[in-house]
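Coordinate-derived values only; no laboratory data. Everything numeric in this text was worked out from a predicted model, so none of it was measured. No Cβ is skipped: glycine too gets one built from the backbone with ideal geometry, and neighbour counts run over all protein chains shown.
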Protein chains: 2
Amino acid sequence: MSKYWTDIVQQLNPYVPGEQPQDQQYIKLNTNENPYPPSPAVTKAINGYAVENLRRYPDPESRQLRQALAAYTGLECEQIFVGNGSDEVLAHSFKTFFQGRDDILFPDIGYSFYPVYCSLYRVNYRAIALDSNFAIDVSDYRQANGGIIIANPNAPTGITLTLAAIRELLEYTDSVVVIDEAYVDFGAESCQALVNEYPNLLVVQTFSKSRSLAGLRLGYALGHVELIEGLNRVKNSFNSYPVDRLGSAAAIASLGDDDYFQQCKDKIIESRNWLTEALTDLGFEVLPSKSNFIFTRHSSYPASQLYAELKKAGILVRHFETSRIENFIRISIGTDDECSALIEALKGLH
Amino acid sequence: MSKYWTDIVQQLNPYVPGEQPQDQQYIKLNTNENPYPPSPAVTKAINGYAVENLRRYPDPESRQLRQALAAYTGLECEQIFVGNGSDEVLAHSFKTFFQGRDDILFPDIGYSFYPVYCSLYRVNYRAIALDSNFAIDVSDYRQANGGIIIANPNAPTGITLTLAAIRELLEYTDSVVVIDEAYVDFGAESCQALVNEYPNLLVVQTFSKSRSLAGLRLGYALGHVELIEGLNRVKNSFNSYPVDRLGSAAAIASLGDDDYFQQCKDKIIESRNWLTEALTDLGFEVLPSKSNFIFTRHSSYPASQLYAELKKAGILVRHFETSRIENFIRISIGTDDECSALIEALKGLH
């Protein structure tokens, strides 16, 4: 604590990302990174980049990237907002749509950054309990609210909502509904097409997971032009140029290589299915995942022990000390070799 | 306006950056970009980067970059905060130190983003008038305040404060004093050494100008560990990884090539001196600049006319429609050819 910090900063309880060890080589299955490199088109864009252009500011409106996203999604440029990772896009969304409103709603078990944004902007919230199967029941959200935010698929459960359920949610409320689709490409159904129907729907996506660009920090939001204009007002009052020139070039190159994108995500889905079976064979309960991670527990092994033993074996997974899920571990889908190493390490525990 | 925007967002008056035309080739002397490319070491770092690593998140603590800055500045890592351009660092500083306090103080003519941050975070401020020579008189800041922020050299005047004057300012107040040194490398004296003496001093610098990396968005703050910890609390409640892998690699490479850095800034200082003389010969009044731009007016030509005529001639400069300075234009220092073209275009007006 410091007398120089404002009251809000004194009270913050910042987000803690998964470990990023700098020293030892781990099999890193803890932060939902893609096990495959970005498209060769990205390599070409970066390694062939005319570096002298970096002396110039980027386009503050990121028009080229937004045009590429417009072409890819079938939406208009004016329906697209881009930022420095989807975390920044989400932060700006809390400021733009939620601050100063009634309580917002989100699942009690979800992306743990949401309550942190609430503390940053002093947004009140009610956490809505997942059902006994760790799924979201949208009828629980049929109550007065200042906004709703849900990750779909949900993190860290990996469980997805149907489009019909999201539509039901949107019919209930006039508040802004943010659907955080960080993991949507791994088998869930995006609701991006619904932004033309519902002026209060904001869909947030990222290049970090399915496009293997976590290291470059690129996220975006899709929504009605009014929502996007609001986000731009906040962005332009915070940082005029959040997306840098190399990030923009890499993202455009990635969007241009759809074959590679499809191959990678298909491969990850295949590995997820295989890993789910292998874990089930070892007596694990695995929640039905449509993401690039699985959430699993074992009746005989506490999650804290599994986490510690795997770390000793050189494999990092994520363990949350959170009520209801303290006995689960979250495992990001790795390469076949990494998934096999995980299974072998777990067999060693038996 | 939209019913979905929060009250604050309705009332925002966002910052407007200098024009970044995408269509026509201009001689661009309007956004204080460096006329020279980044160091060849940066080119090597980017064009030789192992792009497969981009699938991984960056180090959320940016340790390698902070270590490089520590070595360069002689400070400790824990005294250094890095962000997505100095605009983001400044925004977080307003949140961390100023929000909810008494009025903060800054010059009536200065970086026009400061009042925008105030509207974003609802910080009240008193703008302190520059003196009749457009200089800052630090004795004017000897009044109750919740914080002080000053650009040194000041923008858009280019006029610098002495270290003695900044020390005087720091002796007056217990609030946090932010010295925004975006342009300090072009001949002004940095107060970074004072952070070990004054626990309330935060110095903000950037790779955008003197290091030709505007396109990559890299800024940083130097200060007491308590101030840096406060900034980290805010950053970690907003976006865990604001500095991407390529930005970090480029910044480290730039810091490693000090010869190139010194040559570029010396060349810009030389061009500034030449341009100042040439403009004076044409009857312009030029404020004494220690930055990579000059602020100038002519008694016979309104600035709006100069701006428009130069734009017609393919040369972009910046004109602010702000009281007291509405008759000045700000000219970024270009290459010799660009500066000569500017002088020729101005001669054409005579």
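Need one value for B:111-121: mean number of C-beta atoms belonging to other chains within 10 Å of its residues' C-beta atoms.
Numbers: counts 0, 0, 5, 0, 0, 4, 2, 1, 1, 6, 5.
Counting other chains' Cβ atoms within 10 Å and averaging over B:111-121 gives 2.
In chain B, which whole DSSP H runs stretch at least 20 Å along their own axis (Cα) and average 1.0 or higher on the Kyte-Doolittle scale? Write out the running numbers ahead of the final one.
Working: long enough: B:258-281 (35 Å, -1.02).
Helices meeting the criterion: none.
Taking the Cβ of B:K347 as the centre, find all other residues whose Cβ is under 12 Å away and add up their charges (Lys, Arg: +1; Asp, Glu: -1).
Numbers: positive: none; negative: B:D281, B:E309, B:E344.
Charge balance in the 12 Å sphere: -3.
Please work out whether the stretch B:88-211 counts as rounded, prolate or oblate from its C-alpha gyration tensor, where a ≥ b ≥ c are the square roots of the eigenvalues and a/c under 1.5 means rounded, while otherwise a/b larger than b/c means prolate and anything else oblate? Could you put the intermediate results ahead of the total?
Details: a/c = 1.25, a/b = 1.18, b/c = 1.06.
Rounded, since a/c falls under 1.5.
Calculate the mean, over all residues of peptide A:212-221, of how many other protein chain Cβ atoms lie within 10 angstrom of the residue's Cβ.
On the way: counts 5, 6, 9, 16, 10, 14, 1, 1, 0, 0.
That works out to 6 on average.
Let me have the relative contact order for chain B, percent, based on Cα pairs under 8 Å that are six or more residues apart.
Values: 621 pairs, mean separation 82.0, N = 350.
That works out to 23 percent.
List the extent of the Cα atoms of the stretch B:232-350 along each of their three principal axes, largest first, rounded to whole Å.
54, 35, 26
Given the pairs A:K44/A:K290; A:K209/A:K312; A:K235/B:K95; A:K209/A:K267, which span a C-alpha to C-alpha distance of over 21 angstrom in this model? Please list the in-between numbers first.
Working: A:K44/A:K290 31 Å; A:K209/A:K312 26 Å; A:K235/B:K95 15 Å; A:K209/A:K267 13 Å.
Too far apart for the 21 Å limit: A:K44/A:K290; A:K209/A:K312.
What is the mean number of Cβ atoms from other protein chains located within 10 Å of the Cβ atom of each residue in peptide A:79-86, rounded to a whole number? All intermediate terms of the calculation are to be shown ahead of the outcome.
Values: counts 0, 0, 0, 0, 2, 11, 8, 1.
Partner-chain Cβ atoms within 10 Å, mean over residues of A:79-86: 3.
For chain A, set up a Gaussian network in which alpha carbons nearer than 10 Å are linked by springs, and say which option among A:F186, A:F113, A:F94 fluctuates the most.
Result for chain A, Cα springs under 10 Å: A:F113 fluctuates most.
Between beta-carbons, use under 11 Å as the cut-off and find the net charge around B:D257, counting Lys and Arg +1, Asp and Glu -1. List each step's numbers first, then the result.
Values: positive: B:K44, B:R211; negative: B:D258, B:D259.
Combined, the nearby Lys, Arg, Asp and Glu give 0.
Hey, got the Cα dimensions of chain B along the principal axes, in Å, largest first?
56, 52, 50
DSSP loop GluC sites (Glu not before Pro) in the stretch B:140-227 with at most 15 other Cβ atoms within 10 Å of their Cβ, which ones?
Working: sites: B:E168, B:E171, B:E181, B:E189, B:E197, B:E226; in loops: B:E181, B:E189, B:E197.
Taking the stretch B:140-227 and a limit of 15 other Cβ atoms within 10 Å, the loop GluC sites (Glu not before Pro) found are B:E197.
Work through the residues other than A:L275 whose Cβ is under 13 Å from its Cβ and net out their charges, Lys, Arg +1 and Asp, Glu -1.
In short, -4.
Using the reciprocal of the averaged 1/r over all distinct C-alpha pairs, how large is the Kirkwood radius of the protein assembly as shown in Å?
Working: mean 1/r = 0.0378 Å⁻¹.
When all Cα pairs of the protein assembly as shown are included, the Kirkwood radius is 26.5 Å.
Can you list the equivalent-ellipsoid semi-axes of the stretch B:94-141, largest first and in whole Å, using the square root of 5 times each Cα gyration tensor eigenvalue? Write down the numbers at each step before the final one.
Details: eigenvalues 92, 26, 10 Å².
They are 21, 11, 7 Å, listed from largest to smallest.
Per residue of the stretch A:50-62, in order, report the coupling 6.51 cos²θ - 1.76 cosθ + 1.60 (Karplus, θ = phi - 60°) as ³J(HN,Hα) in whole Hz, putting x for Gly and Pro.
For the stretch A:50-62, the Karplus curve yields 7, 4, 4, 5, 5, 5, 8, 4, x, 4, x, 9, 6 Hz.
Scaled to the compact-protein estimate 2.2 N^0.38 Å, what is the alpha-carbon radius of gyration of the stretch B:166-268, rounded to two decimal places?
Details: Rg = 15.1 Å, N = 103, 2.2 N^0.38 = 12.8 Å.
Rounded to two decimals, the normalised Rg is 1.18.
In whole Hz and in residue order, list the ³J(HN,Hα) couplings for the stretch A:284-290 that follow from phi through the Karplus curve 6.51 cos²θ - 1.76 cosθ + 1.60, θ = phi - 60°; x for Gly and Pro.
Running phi through 6.51 cos²θ - 1.76 cosθ + 1.60 with θ = phi - 60° gives 7, 8, 10, 5, x, 9, 10 Hz.
Please report the antiparallel percentage of the DSSP beta bridges confined to the protein assembly as shown, to the nearest 5.
Percent antiparallel among DSSP bridges in the protein assembly as shown is about 50.
Which residues' amide hydrogens lie under 5 Å from the amide hydrogen of A:A151, considering only partners 5 or more residues apart or on another chain, with H built in the peptide plane?
A:Y111, A:D180
List the distances, in nm to one decimal, from the label point of A:D131 to the label points of the same position in every other copy, shortest first, placing each label point 7 Å from Cα along the Cα-to-Cβ direction.
7.4
Report the antiparallel proportion of the DSSP beta bridges in the stretch A:40-257 as a percent, rounded to a multiple of 5. List each step's numbers first, then the result.
On the way: 9 of 23 bridges.
Expressed as a percentage, antiparallel bridges in the stretch A:40-257 total about 40.
Label points 7 Å out from Cα along the Cβ direction at A:S299 and A:Q22: separation in nm?
About 4.5 nm, to one decimal.
Treat each spin label as a single point 7 Å out from the Cα along the C-beta direction, and report the B:A164 to B:S112 distance in nm.
Here the modelled spin labels are 3.5 nm apart.
At what distance in nm do the modelled label points of B:T335 and B:A313 sit from each other, each positioned 7 Å from its Cα along Cα→Cβ?
Output for this residue pair reads 1.9 nm.
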